[in-house]
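Please treat every number below as a calculation from the coordinates, not as lab data. As the structure is a prediction and not an experimental result, all values here were calculated from the model. Using ideal geometry, Cβ is built from the backbone for each residue, glycine included, and neighbour counts are taken over all protein chains shown.
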Amino acid sequence: MGFYYFMLLFIGIIMTMGGFLLKRRNWIGRVLISFFGLLAIGLSIFLFQPESSDVIAELIGWE
């Protein structure tokens, strides 16, 4: 599972950097790409934390 979390982190970094560095797109597209990149980075960092599966199980209601 850690491999997929690392891949999500890597994709988030690429999307964030692409959103900041792309000049061919309008500013709305760059902001959206950067936002989803930052969202992917945050999600992957959360999933790397110990007991994150317990937090997700509580949110979903599986116990």
ARG30: net charge of surrounding residues, Cβ under 14 Å, Lys/Arg +1, Asp/Glu -1, itself excluded?
-> +3
Solution diffusion estimate, µm²/s, Stokes-Einstein, the chain, Kirkwood Rh from C-alpha pairs, 4 °C, viscosity 1.567 mPa s | 102 µm²/s
Give me the angle, in degrees from 0 to 90, between the Cα long axis of helix 27-48 and the longest principal axis of the Cα atoms of the chain, rounded to the nearest 10.
-> 20 degrees
